[in-house]
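The values are calculated or read from the model by the stated rules, or taken from the named source; none is laboratory data. Values in this document were obtained by computation on a predicted structure and should not be read as measured data. Please note: Cβ atoms are built from the backbone with ideal geometry, for glycine as well, and neighbour counts cover all protein chains shown. Note: areas computed on protein heavy atoms with side chains; ligands, DNA, RNA excluded. Shrake-Rupley method; radii C 1.70, N 1.55, O 1.52, S 1.80 Å.
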Amino acid sequence: MHEVSSREIINSFLDFFTKNGHLKIDNSSIIPKNDPTLLFINSGMAAIKNYFTGKEKPVNPEICNVQTCIRTIDIDEVGDRHHLTSFHMLGNWSINGRYFKNGAIGLAFEFITKNLGIPIEKLYVSVFAGNKELGLEFDDESKKTWIELGINKNRVLSFGMDDNFWGPTGETGPCGPCTEVFYDTGVGADYQGSGDFDTKRYIEIWNAGVFMMLNKTENLDFVSLPFKSVDAGAGLERFAMVIGGHDSVYETDLLSPIKFQIEALFNVRNLPQNMEEVFEKNMRILTDHLRTTVLILASKIRPANESRGYIPRKLIRKCIAISQKTSNFCGMTYSPNLLPVVEFILDNFNDIYPDFITNKKFVLDQFNLEVTKFESVVQDGLEKLLEHKNKLNLEISGDFAFDLVTTFGLPFEIIRDFALENNLKLDGEKYNKNLENHRNISKFVDKSERSIDEVLEKIYSKIPPDNETNFVGYDNEVVTAKIYKIFSDTGEEICNISNQKKVFLIFNNTTLYAKAGGQDYDKGIIFSYDYITLADITGCFKKNGVYVHCCEMRCGNLSVGDSITIGLDFSRRKKLSRAHSATHLLHSVLRKMFGNELEQHGSKVDENKLRFDFNYDGNISRENILGIEKEVNKYILKNLKCEIKIMQLSQAINYGATAIFTGKYDDIVRVVVFKNDEFVDCADIVSKELCGGTHVEFSSQIGFFVIESVENIGKGIRRITAFVGEKAVEFYQNKISILYDSTKILGSSYDDFVQKLSKKVAVPDVRVKKYTKNLENSDLVYADCDIPLAYKKINERPSVQALTKLAEQIKGVIAVITDDGSVETKSYVSLAVASHLNLNAGKILKQVLSGFDQKGGGNSVNAYGNFGKINVAEFIGKIVELIQKKI
């Protein structure tokens with residue numbers, strides 16, 4: 001065999017299958033569309049799953065493509081010769097098409113042996129051994145086909161569910177037995193099939209066919225699909241590895257350039273001999289994780305503590321930890337900056353990934369921001385672990401590990417890796433006990449809500465399938481209904497109920513909206529045909545389409561099968577609708593102000609009040625808050641019309657309707673549109689979102705919108721709490737009343753109130769004192785500079801908050817040099833710039849340190865770096881020089 005490029009393999013693959021009647025389809029985004037069971041597309045089949053269930057029909061029954069995939073389950077396996085978290089899948093499919101097992105195996109064999117030239121004596125294959133408990137048979141047909149094509153029968157191996165039964169891509173969906181092809185990277189006697197299959201020697205290069213015969217249901221049953229299909233996929237990186245005769249996928253042209261860039265950052269000359277294997281593994285992990293991170297960030301996914309955003313955050317933090325550990329055993333006094341590697345990936349692989357061009361700035365900004373937040377945390381944590389080890393401790397106790405995680409923010413994975421690499425015991429059991437106790441103490445659970453949840457779960461478990469309640473509440477305030485089920489307040493099913501008791505009722509019809517999508521439930525009453533109120537409905541909940549009504553009886557008796565009338569508390573409904581519609585207008589304004597990459601991360605709609613969570617890393621000033629209020633109220637005053645459109649999900653996505661990725665949508669969806677309908681020919685659409693909630697008919701019915709607070713509830717996640725309608729008016733009147741009383745006390749008018757108050761009361765900035773450790777304004781040394789520039793040399797590293805607050809206090813620049821006075825030639829510098837200055841702390845420090853042959857960086861407000869002993873006067877002089885140039 002001779003080495004060919006990855007791009008040549010791609011072209012050969014697509015050319016082979018298109019000549020064999022397959023239609024080439026485009027690579028899909030790594031973000032699944034309307035599939036909450038997946039964080040990312042993890043196989044070629046995942047992007048076209050609906051074809052295999054019959055929900056959608058492909059243009060051609062035989063298709064092929066090259067799909068970018070991310071498989072998060074392999075994160076901890078990365079570092080060996082072939083596992084990756086991101087990879088390219090060469091896929092070919094026959095969906096109720098011309099071939100099944102024999103045809104799929106024949107095509108795979110022909111492409112591998114003839115087009116790629118891989119010798120048959122290098123191949124092993126595996127087939128499904130069956131599972132008697134599940135009624136799944138041994139795949140004898142696939143075994144016979146491989147032997148007929150020339151594979152030695154001793155090289156056709158049989159494995160069970162874990163190895164040769166594939167899917168589904170999520171918890172449910174199409175699946176079936178599969179047959180896989182392995183490449184023998186070694187030499188010697190044939191593998192005889194005894195013991196575990198040695199995957200270090202035998203590398204899987206192609207799943208030659210997942211034979212889609214079954215569908216896994218929510219009940220974990222396997223039922224036959226209406227038609228049979230083939231899903232075949234091969235890893236491009238592994239093909240390139242075996243064809244080129246490489247030892248690992250990291251030597252191929254898709255990964256080796258990245259790995260080379262990373263290796264160049266470290267001082268390999270000082271590498272201890274016994275650390276060569278560790279160094280190689282670290283370089284592989286960094287290569288894979290940085291490429292995967294760039295792929296995710298280029299899809300406009302921000303690092304976060306949950307959902308998709310957790311993956312890039314985890315990968316970046318692992319990279320920082322590995323980089324710092326590697327620099328330590330390489331004898332380096334600083335951890336290298338990984339941002340140039342990210343930029344290299346963006347610039348050198350944008351022919352494969354077009355998003356690398358369009359979203360380059362977003363990727364670089366998000367990566368830099370995440371590194372800035374976390375690098376000092378890891379460095380401090382690793383130093384504490386090294387101190388612990390140097391005291392000849394042979395074990396990391398559960399208490400010490402728990403303290404590092406909860407007090408210092410060091411991820412447990414880093415502690416675990418440190419223990420493994422340094423042959424230290426880790427008391428993981430005690431750590432987990434401490435963590436569980438901490439969670440139990442920290443969380444507050446409303447006992448009444450928990451009690452209701454427990455009863456509801458008990459009720460739902462007794463409802464047979466296909467008994468959905470008919471909801472008619474969008475168009476009706478009153479509805480006639482029959483009682484289908486009655487449950488006591490403990491969840492026991494009963495046949496009838498008398499007065500003065502709390503019960504749970506299920507009807508065939510209802511006009512009450514159940515608690516869902518962030519909107520609170522409707523309330524109402526049950527009355528008889530002679531208009532006697534029988535019960536108050538105090539809550540409404542649903543699951544799997546079944547609405548459960550929490551009721552308190554007033555009088556009379558109710559039995560299963562009785563016909564009654566349900567009346568909606570329309571006053572409450574109007575208040576909920578006002579608040580819900582306001583969240584749509586707020587979402588539109590936020591995207592308009594801060595960019596379309598802003599996404600909703602949760603909401604809660606109560607009477608007159610709303611809460612809206614969204615991703616945003618920037619500062620939201622008082623001016624921003626006033627601007628948001630102003631724009632939302634503009635939309636309210638425009639009297640925008642609310643239109644409800646019912647359409648297929650695919651149509652809604654093409655229409656541009658906003659959806660929450662965690663939502664699970666049916667094939668037919670409801671789109672809520674707010675638009676300026678004054679001129680029919682030029683209707684101005686303000687908002688369009690997939691939503692099942694209730695809304696006003698016109699935006700003017702919201703009345704008034706005012707923001708109560710803006711909070712930071714997590715890294716990069718903001719929460720706006722606001723009032724609408726009467727509550728908003730009441731909120732503003734209370735504030736005006738306070739201001740009025742204050743002016744009377746101060747003897748001022750509204751216009752000069754702030755000026756007179758500031759002269760009357762001198763308030764020290766307690767926040768600066770709170771966060772300033774070893775930093776006092778009076779101890780700072782000021783340099784000769786047009787802009788206030790203060791500096792100080794201290795023994796303990798200051799917090800980011802301290803620097804930021806102090807820079808704002810002096811309205812200038814703060815530089816801090818940390819030196820503990822030890823004989824080690826290691827120092828740490830921090831730089832902070834007041835936000836009103838047209839300067840960039842990261843650029844300043846980066847240029848200064850480059851003059852000392854060192855590296856550093858950060859963002860526009862804060863920056864830092866590690867390096868050897870420093871001449872303070874020379875260092876400050878360089879900063880002054882750059883400040884004068886307005887860097």
- [ ] Kindly indicate the residue of segment 207-247 that is in contact with a helix residue (DSSP H, G or I) (Cβ under 6 Å, 6 or more places away or on another chain) and acidic (Asp, Glu) and also farthest from Lys114 (Cα to Cα) among those meeting that condition.
- [x] Asp231
- [ ] Hey, could you check segment 37-82 for residues that are in contact (Cβ under 8 Å) with a residue 60 or more places away in the chain and in a helix (DSSP H, G or I) and say which is farthest from Ser6 (Cα to Cα)?
- [x] Thr53
Open item on the list: Here is a list: Ser749, Ser742, Ser709. Which entry is open to solvent by less than 80 Å² (accessible area, probe 1.4 Å), in a strand (DSSP E or B) and either touching a residue at least 12 places away in the same chain (Cβ under 8 Å) or out of contact with any Pro (no Cβ under 8 Å at 6 or more places or on another chain) (or both)?
Closed with: Ser709
Task: Some residue of segment 16-24 being modelled with pLDDT of 85 or more, charged (D, E, K, R) and part of a helix (DSSP H, G or I) - done: yes
Task: Count of segment 640-659 residues which are assigned to a loop (DSSP other than H, G, I, E, B) and either in contact with a Gly (Cβ under 7 Å, 6 or more places away or on another chain) or surrounded by fewer than 14 Cβ atoms within 10 Å (Cβ to Cβ) (or both) - done: 1
Task: Selected residue (criterion: least open to solvent (accessible area, probe 1.4 Å)) from residues of segment 324-346 that are over 15 Å from Thr293 (Cα atoms) and free of Cβ contacts under 8 Å to residues at least 60 places away in the same chain - done: Gln324
- [ ] Considering only residues that are out of contact with any Phe, Trp or Tyr (no Cβ under 8 Å at 6 or more places or on another chain) and part of a loop (DSSP other than H, G, I, E, B), look in segment 495-510 and name the one that is least open to solvent (accessible area, probe 1.4 Å).
- [x] Ser498
Open item on the list: For segment 668-706, give me each residue that is open to solvent by 50 Å² or more (accessible area, probe 1.4 Å) and modelled with pLDDT under 90.
Closed with: Ile668, Asp677, Glu678, Phe679, Val680, Asp681, Cys682, Asp684, Ile685
TODO: Select, from Leu157, Leu116, the only residue that is modelled with pLDDT under 95, farther than 29 Å from Asp221 by Cβ, surrounded by 16 or more Cβ atoms within 10 Å (Cβ to Cβ) and of a type outside the set (Gly, Ala, Ser).
DONE: Leu116
TODO: For Met283, indicate whether it is under 27 Å from the mean Cα position of the chain (by Cα), without any contact (Cβ under 8 Å) to a residue 60 or more places away in the chain and closer than 14 Å to Cys330 by Cα.
DONE: yes
TODO: Filter segment 420-436 down to residues that are in contact with a Lys or Arg (Cβ under 8 Å, 6 or more places away or on another chain) and either open to solvent by 40 Å² or more (accessible area, probe 1.4 Å) or of a type outside the set (A, V, I, L, M, F, W, C) (or both) and give me whichever is modelled with the highest pLDDT.
DONE: Leu426
Task: Of all residues in segment 305-323 being among the charged types (D, E, K, R) and closer than 16 Å to Leu290 by Cβ, the one that is surrounded by the fewest Cβ atoms within 10 Å (Cβ to Cβ) - done: Lys314
TODO: For segment 840-849, name all the residues that are touching a strand residue (DSSP E or B) at 6+ places or on another chain (Cβ under 9 Å) and either surrounded by 21 or more Cβ atoms within 10 Å (Cβ to Cβ) or part of a helix (DSSP H, G or I) (or both).
DONE: Ala841, Gly842, Lys843, Ile844, Leu845, Lys846, Val848, Leu849
TODO: Give the residue that is surrounded by the most Cβ atoms within 10 Å (Cβ to Cβ), with candidates limited to residues of segment 625-639 that are in contact (Cβ under 8 Å) with a residue 40 or more places away in the chain and among the hydrophobic types (A, V, I, L, M, F, W, C).
DONE: Val632
TODO: Collect the residues in segment 367-402 that are assigned to a loop (DSSP other than H, G, I, E, B) and either of a type outside the set (D, E, K, R) or at pLDDT 85 or above (or both), keeping them in residue-number order.
DONE: Leu392, Asn393, Leu394, Ser397
Open item on the list: Among the residues of segment 359-366, are any out of contact with any Cys (no Cβ under 6 Å at 6 or more places or on another chain), over 15 Å from Arg302 (Cα atoms) and not in a helix (DSSP H, G or I)?
Closed with: no
Open item on the list: Where the second residue is open to solvent by 40 Å² or more (accessible area, probe 1.4 Å) and the first is closer than 25 Å to Glu251 by Cα and lies in segment 5-20, which pairs have Cβ atoms under 6 Å and are six or more apart or on separate chains?
Closed with: Ser5/Asp253; Ser6/Asp253; Ser12/Asn115; Leu14/Lys24
- [ ] Under 9 Å between Cβ atoms, at least 6 apart or on separate chains: pull out the pairs that start in segment 609-624 with a residue that is in a strand (DSSP E or B) and end on any residue that is acidic (Asp, Glu) and open to solvent by 30 Å² or more (accessible area, probe 1.4 Å).
- [x] Lys609/Glu708; Phe614/Glu599; Asn615/Glu597; Asn615/Glu599
Task: Residue list for segment 607-627, filter: under 15 Å from Leu585 (Cβ atoms) and of a type in the set (A, V, I, L, M, F, W, C) - done: Leu610, Phe612, Phe614
Task: Qualifying positions in segment 94-113 - under 15 Å from Ile151 (Cβ atoms) and surrounded by fewer than 18 Cβ atoms within 10 Å (Cβ to Cβ) - done: Asn102, Gly106, Glu110, Thr113
TODO: Take segment 547-593 and flag every residue that is assigned to a helix (DSSP H, G or I), open to solvent by less than 30 Å² (accessible area, probe 1.4 Å) and among the hydrophobic types (A, V, I, L, M, F, W, C).
DONE: Leu576, Ala579, Ala582, Leu585, Leu586, Val589, Leu590
